[in-house]
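See structure below.
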Amino acid sequence: MKNRLYQSLFLGITSAIAASASYALITPQNEKQAKMESLATTIAAIPSIYDTTSGFIEQAIQLEQLANLEAPLKPQIIHHTIQEDESFASILSLYDIDKKTFRQITRTNKIGARFKQLKPHTTLTLELDQDYQLKTLIYDADDVNTLVATRNNKQFDIHIESRSLDVQEILTQGTIETSLTVDGKKAGLSAEIIDQLTDKIFAWDIDFSKDLSAGDKFTVIYEETLVEGRRLKTGNILAAEFIIGDKSYSAIRYQNSEGEVTYYSPQGKNVVRETRKPFLRNPIKFARVSSGFNLHRRHPISHRIRAHKGVDYAARNGTPIQATGGGKIIFRGRQSGYGRVVIIEHDEQYKSLYAHLSRFNNQYKLGDTIKQGKTLGYVGQSGAATGPHLHYEFLVNGVHKNPMTVELPQTEIQENKGLLARFQQKARPYINRLNQANSETAIINVDKFFAKKADKL
Ligand SMILES: [Zn+2]
């Protein structure tokens, strides 16, 4: 496409030359000279043409010869942007570089062979000598490695130049005046960092379209990659905080023992809801387990050996029972020994069952979906029960599992003391830095306040 454009430009210029040449026969030498100079100036003003049209180079030489000008056109360094459909071979041929050169470069060593893996939208730099022979070839293969091929007599010396890469942690702070997009940029945050804040980390806790107002503050600690001291790109957000009115929202990046990376509040609560654990361990907060999962238990009423395929939680009549995971209510009614029962299907794999309820939560009917943590009903002793308690079952692929020990898809740090301690140890320095940054700005603000007062006095 681009080449076609150049081609038409090229044809246009060719006809201009032809016209000038015939015109030259009947005009004085100085007038011809002036026209040629003007044409040469016009062409010189569009240097991108040199970069892509080798045929044009020849034409330019002819033009010079025609005009008898001092050679002003010696394009020698070409920065070629690689197009989708181009290859190393096709680019060389575009600049009239022969197949022998292609073979010499690609067959010298493994580095030379890498010239065959040019990526679209990157730049290949070609340096040509006086005779338009390839002298040097330079290609940034990635952020740190540059391939260099240099002609040395009849062959090429090919090597890689590597730059040093540093990752540093940056703390950036700002105050909202207009929006996070505007004020974040002003504070020096990249678009990627702003996207991470709005779409990933705080997407569930902050409505960025309406919650922020002037004076709210943000602090972000993130990684920045430098190549030889030059900022190359921003990486992961390590910690961030928004102070909205008198509320604070913080998140710290953490990789748990299963290798999953997400963001947690300083209390160990996963703030990224899509990576939140789909199940709570217990359907009742702070309840005592009165009878565990036991496949050989003697039944308290029938006194026969009968498997206890769940866990009993002793709790007062009317204690709320929360859905341990979000899902669809597939049963809500009575089952002889179980009394009032709710069964939730979480997905194809998991089901949870809650029995002996005193009553259901009327907000949820059969077939409704219920979110994790929402109250589905209340503790009672309906069915065969010796006292008020919740009988809770957890099924994986239709098989009863011990709800206390079953391996749940993910673990909420908050619920695991050991994990919480490890997380907080790792998070502490970041929490301290966020707090420190905030107290420093508070001091600055106080200083400003007094400075203003002093102005008025
Ligand atoms: Zn039970």
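Values quoted throughout were computed directly from the atomic coordinates according to the rules given, and no laboratory measurement underlies them. Please read these numbers as outputs of a predicted model, since none were measured by experiment. Quick reminder, even Gly has a Cβ in these numbers, built from the backbone with ideal geometry, and neighbours come from all protein chains shown.
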Calculate the spin-label point distance for S248 paired with H303, positioning each point 7 Å from the Cα along the beta-carbon direction, and give it in nanometres. 6.2 nm
Theoretical FRET efficiency, 1/(1+(r/R0)^6), r = Cβ-Cβ of T178 and S93, R0 51 Å, to 0.05: 0.45
The ³J(HN,Hα) series, computed from each phi in the range 89-94 with the Karplus coefficients 6.51, -1.76 and 1.60 at θ = phi - 60°, rounded to the nearest Hz and given as x for glycine or proline, is 4, 5, 5, 4, 5, 4
What are the ³J(HN,Hα) values, in whole Hz, obtained from phi via the Karplus relation 6.51 cos²θ - 1.76 cosθ + 1.60 with θ = phi - 60°, for each residue of the range 100-106 in sequence order, with x given for Gly and Pro? 5, 4, 4, 5, 4, 6, 6
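How much length is gained on full extension from R422 to D143, taking 0.36 nm per residue of separation minus their Cα-Cα distance?
Values: separation 279, 0.36 × 279 = 100.44 nm, distance 3.45 nm.
Length gained between R422 and D143: 97.0 nm.
Could you tell me which trypsin sites (Lys or Arg not before Pro) in the range 182-236 are loop residues by DSSP with no more than 12 other beta carbons within 10 angstrom of their beta carbon? Could the numbers behind the result be given before it?
Details: sites: K185, K186, K200, K210, K217, R230, R231, K233; in loops: K210.
Those satisfying the criteria are K210.
Any chance you could list the semi-axes, whole Å, largest first, of the equivalent ellipsoid that the Cα gyration tensor gives for the range 288-401, using √(5λ)?
Details: eigenvalues 96, 55, 27 Å².
Computed over the range 288-401, the values are 22, 17, 12 Å.
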What distance in nm separates the simple spin-label points at V227 and K374, each placed 7 Å from Cα in the Cβ direction? 5.1 nm
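Given K269/K371; K200/K426; K247/K365, which pairs have Cα atoms separated by over 24 Å?
Numbers: K269/K371 17 Å; K200/K426 21 Å; K247/K365 36 Å.
Pairs exceeding the cut-off: K247/K365.
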Would you kindly derive the ³J(HN,Hα) couplings of the range 193-201 from the backbone phi angles with the Karplus curve 6.51 cos²θ - 1.76 cosθ + 1.60 (θ = phi - 60°), listing them in order in whole Hz, with x for Gly and Pro? 5, 5, 4, 4, 5, 7, 8, 10, 6
Going by Cα centres, the range 148-162 and the range 417-438 are how many Å apart? 51 Å
Given a Förster distance of 41 Å, the FRET efficiency implied by the Cβ-Cβ spacing of N432 and Q130, rounded to the nearest 0.05, works out to 0.05
Stretch S209-R316 to full length: gain in nm at 0.36 nm per residue minus the Cα-Cα span? 34.2 nm
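Can you tell me the length gained on complete extension of the stretch D157 to I330, counting 0.36 nm per residue apart and subtracting the Cα distance? Don't skip to the answer; put the middle values down first.
Details: separation 173, 0.36 × 173 = 62.28 nm, distance 7.23 nm.
Between D157 and I330, full extension yields an extra 55.1 nm.
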Rounded to the nearest Å, the spacing of the alpha-carbon centers of the range 371-400 and the range 313-363 is 5 Å
Student exercise, the range 288-401 dipole from Lys, Arg, Asp, Glu Cβ charges, in Debye to nearest 20: 320 debye
Residues of the range 330-366 with the amide nitrogen closer than 11 Å to a label point 7 Å from the Cα of A384, along Cα-to-Cβ, please. 336-339
